[in-house]
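First comes the structure, then the notes that go with it.
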Amino acid sequence: MPTHVVTDTLTLLRRNLRHTIRYPSMTIGAVFGPVIMLLLFIGVLGKTLGTGLASGGTGLAGTGLTSTGLTSTAHPAAYIAYIAPGIIITAVASGSMATAVAVCVDMTEGVVDRFRTMPVSRVAILAAHVINSMLTTIVAAVGVAVVAVALGFRPHATTARWLAAAGLLVLLGLALTWLAVAMGLVSATPEAASNSPMLIAILPFVGSAFAPAALMPAGVRQFAEYQPFTPAIETVRGLLAGTPTGHNALLALGWCAVIGAGGYAWALAAFRTPRAH
Amino acid sequence: MTNTVPPTNAAPPTNAAPPANTAPPANTAPPATPRPALAITATGLRKSYGGKPVLDGIDLRVPAGTVFALLGPNGAGKTTTVRILSTLIAADGGRASVAGHDLAAEPGAVRAAIGVTGQFSAVDTLLSARENLILMADLYHLGRRPGRRRAAELLDRFGLGDVAGQPISTFSGGLRRRLDLAMTLVGGPRVIFLDEPTTGLDPRSRRGLWAIVRELVAGGVTIFLTTQYLEEADQLADRIGVLDHGRIVAEGTAAELKRLVPGGHITVHVADPSALAAAAAALGATAVDEDALTAQVPSDQPGTSGDSTSDNPTSGNPASSNTASAVRSVLDRLDAAGVAITDLSVHTPDLDDVFLALTSDH
């Protein structure tokens, strides 16, 4: 039986893109949520948090935010250099996780059962969701980056480093999206599909996205240091700030591979298991 | 495995072509599957959910180019049967083949040969009717221009041309079901599963759908239909299987099934108890209801009906001539006894009786 994985994926991607355009509320949320968060952290909390971090004085090397040589008015600008990469990652995480709801809702549509009775590639049905979600996530991440620059984010990175950061973000998004697809497939209801991925979407907060792990209380700190988002955040931050990323880049790639492969395998297995109704 | 599915549904003469290939020499070198005289076969299909058997050993034989109706109450296992035969779920036990392909061994080949219209509409509600059909055409790899032509043709055939670009959310149930069936036909399936296709439709839409089904059968397609409407099975099906508690409790033509239950009866209604006694005596009534003031006599002998109803949509009434003479005889005898009646009603055996007699209470 010839399978047309690529053709089928493109056909179904067109379908998903139409959905995204005609029913854009999820997408708008995915794009504007992180932007609003950025405005909140910089405009409202920036000064306080920046000051707090500066006096904490660790973990901020290379961001321009050190305990010496900064006037208090410089803190927001320096803080944005610290958190912008974190918020971009948050955008990637929440954008990816929104796929779970979309997939779960789609599975309740009779038309997907129709696809299952047709000679359509199984991978294509899921891959179309993944690509559609990736496109949304990329728009969201670029949106956050643009707003961050407008707010004074001035990364000193070469084009190669920008591309490396973007590449890592895409890989992370891809891995998380496959995981989200699996979570959406095993969720009985869209409500459930929005809950469990939420835990993953807030992981960056319990990492080094908004504050260095070193400043966190013991226990939380160990978790923050070893969870998957921290090396990704540190790598992106390092790449954009022009500082060495150390072993974080490898760690981040490893996490992406593990999460992505696991999510992919889980998603396909879940899709092949018929849903009871 | 691609030898079997021309993606055109343009009424092949007959799918079965029975006499020609009794012993097909393997002249077509690749998988020389003979054109199946049987479109669907199943032996001993079983399925349980959580230890509770839903299908308890189902055997099916559906000749190509015929309509088979699986009739049964809610929860009898009709949808489970369709879900198994259309490759959506795997059976726990038993074997089945559809369009000549084993379900377990060649699900892909089965999928290429079938079309399914489920109980719940399987249309993409965020797309228009035309977009839905083109989506199907693309997934069947018909090619861009032939695919669009096919979509246009089906829109036309199903009377959807005027609403082709409108959002599905504005569609009535009947319109939606028509689109659903049109989508099922895009790939030119040889075997079509219709799971309660007219549930929730108004009578006009239901009749429209029946007409479409008849057209398809005329084009050589095999239809496997589930329904809880006996009239529907009576109207459409060549053979009917009655499913109850996961077992086929009876199988045959509508006429054969009707012979399984007692025949019809005539009921006379009278004004007062004395008239009831007189009427009962005059008729030799087999049943008398003192409260309702009615007396009953058989209108015909069970088993005398022999007509096939499927090509006689107006009557659906076996032994109508017997019934007419029985009514005349009842009236004559009442006249002779001088009994005045207020009303008379005739009950003819129909599939409802079969259904109620063969399926248990829930």
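The values are calculated or read from the model by the stated rules, or taken from the named source; none is laboratory data. What you see is a predicted model, and the numbers here were worked out from it, not measured in a lab. Glycine gets a Cβ as well: all are built from the backbone with ideal geometry, and neighbour counts include every protein chain shown. Remember, those area values only see protein heavy atoms, side chains included, never the ligands or the DNA or RNA. Shrake-Rupley method; radii C 1.70, N 1.55, O 1.52, S 1.80 Å.
Taking only Cα atoms, what is the 0 to 90° angle, nearest 10, from helix A:46-56's long axis to the longest principal axis of chain A?
Here the helix axis deviates by roughly 60 degrees.
Would you mind giving the total buried accessible surface between chains A and B, with a 1.4 Å probe and ligands, DNA and RNA left out, rounded to the nearest 100 Å²?
Protein heavy atoms only, the A-B interface buries about 2500 Å².
Mind checking the angle between helix A:5-22 and chain A's longest principal axis? C-alpha axes, 0 to 90 degrees, to the nearest 10.
70 degrees
To the nearest 10 square angstrom, what accessible area does A:VAL144 show with a 1.4 Å probe?
0 Å²
One quarter of the convex hull surface, Cα atoms only: what value does that give for segment A:201-277 in nm²?
Directional mean of the projected Cα hull area for segment A:201-277 stands at 7.0 nm².
Just tell me how shielded B:121-133 is by partners: mean number of partner chain Cβ atoms within 10 Å of each residue's Cβ, no decimals.
4
Could you state how much accessible area A:PHE205 has, in square angstrom rounded to the nearest 10, with a 1.4 Å probe and all protein chains kept in place?
Near enough 80 Å² of accessible area.
Using a 1.4 angstrom probe with every protein chain in place, what is the largest-first accessible-area order of B:ARG214, B:ARG149?
Final ranking, largest accessible area leading: B:ARG149, B:ARG214.
So what does A:LEU135 come to for accessible area, using a 1.4 Å probe and Å² rounded to 10?
The accessible area comes out at roughly 80 Å².
Distance between the C-alpha centers of segment B:196-259 and segment A:112-143? Whole Å please.
Each part's Cα centre sits 37 Å from the other's.
With each run of n ≥ 4 DSSP H residues scored as -39500 (n - 2.57), what mean residue ellipticity at 222 nm is computed for chain A after dividing by its residue count and rounding to the nearest 500 deg cm²/dmol?
Helices in chain A give a 222 nm mean residue ellipticity of -24500 deg cm²/dmol.
Once you have the Cα-Cα distance between A:VAL44 and A:LEU17, take 0.36 nm times their residue separation minus that, and quote the gain in nm to one decimal.
6.2 nm
How far apart, in nm, are the 7 Å Cα→Cβ label points at B:ARG333 and A:ALA218?
Rounded to a tenth, the inter-label distance reads 10.3 nm.
What do you get for the angle between helix A:122-150 and the principal long axis of chain A? Use alpha-carbon atoms, 0 to 90 degrees, nearest ten.
20 degrees
Measuring from label point to label point, each 7 Å out along Cα→Cβ, what is the A:THR158 to A:ARG122 span in nm?
Label-label distance for A:THR158 and A:ARG122, simple model: 4.6 nm.
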